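Values quoted throughout were computed directly from the atomic coordinates according to the rules given, and no laboratory measurement underlies them. Here the structure is a predicted model, which is why all the values come from computation and not from measurement. So basically every Cβ, Gly included, is an ideal-geometry build from the backbone, and we count neighbours across all protein chains shown.
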Amino acid sequence: MGFLRHECKITVIDKKCFTDYQEQCLADPKSGPCPFFNVGDTFLLKRTPQQDDFYPLMLVNRAICGFLGSNSAILRSSAVQRYIPERLRSRVNALSSVLLTTGASVFSLLMGFLGEVLDYRWCVTFGGAATLLACHFLIGGRRQDVRKVYEAG
């Protein structure tokens with residue numbers, strides 16, 4: 001593997017001081033512009049083949065997850081449509097949309113907050129763990145109730 005190579009050329013075009021950012025990040029906030037780089041300096045960033053070893057596997061994983069996720073969404077939607085009485089379907093679909101949108105917004109905000117405090121790898125770990133726990137308790141823990149929806153009709 002490792003057949004993908006990436007190169008990126010970066011050129012310093014301006015040097016400015018962002019004092020508010022420097023006060024947060026530097027030991028000496030009054031140090032001025034960075035003395036290491038000059039306007040016109042060019043850098044070439046390269047990725048080595050070893051860094052791309054898992055990229056094709058990631059693409060295969062994403063394709064499989066996308067396919068299974070799409071099929072799962074279709075099956076869930078049709079199961080709910082078959083289980084819910086016709087007079088309540090629009091209300092259930094509206095409630096489902098509101099819950100999905102609200103949940104995505106709230107958890108995006110929580111992950112953003114965690115991202116400010118923790119490393120991104122911990123954020124992904126906590127988010128994945130929360131998702132697995134929610135699935136385990138909401139779906140796995142209520143198997144008999146969920147089975148009624150999928151085996152209706």
(request) May I ask you to list the chymotrypsin sites (Phe, Trp or Tyr not before Pro) in region 44-153 that are in a DSSP loop and have at most 15 other Cβ atoms within 10 Å of their Cβ? (result) Phe54
(request) Using the charge dipole of region 54-150 (Lys, Arg: +1 at Cβ; Asp, Glu: -1 at Cβ; taken about the Cα centre), state which of Leu57, Ala94, Val146 has its Cα farthest towards the positive end. (result) Val146
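Under a point-charge model restricted to the Cβ atoms of Lys and Arg (+1) and Asp and Glu (-1), what is the dipole moment magnitude of region 51-113 relative to its Cα centre, in debye to the nearest 20? Write out the running numbers ahead of the final one.
On the way: 6 positive and 3 negative charges, 106 e Å.
It works out to roughly 500 debye.
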(message) Just to be sure I understand the model, the point goes 7 Å from the Cα along the line to the Cβ. What's the resulting Lys16 to Phe43 distance in nm?
(response) 1.9 nm
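For Thr102 and Ser70, what is the calculated FRET efficiency with R₀ set at 30 Å and r taken between the beta-carbons, to the nearest 0.05? Could the numbers behind the result be given before it?
Details: r = 23 Å, r/R0 = 0.76.
Efficiency, rounded to the nearest 0.05: 0.85.
With +1 on each Lys and Arg Cβ and -1 on each Asp and Glu Cβ, and nothing else charged, work out how big the dipole of region 37-153 is about its Cα centre, in Debye to the nearest 20. The partial results should precede the final answer.
Values: 13 positive and 8 negative charges, 150 e Å.
About 720 debye.
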(request) Measure off 7 Å from each Cα along the Cα-to-Cβ vector at Ala94 and Val149, then give the distance between these two points in nanometres to one decimal. (result) 2.0 nm
(message) For the pair Arg82/Val124, report the inter-label distance in nm, with labels modelled 7 Å from Cα in the Cβ direction.
(response) 3.7 nm
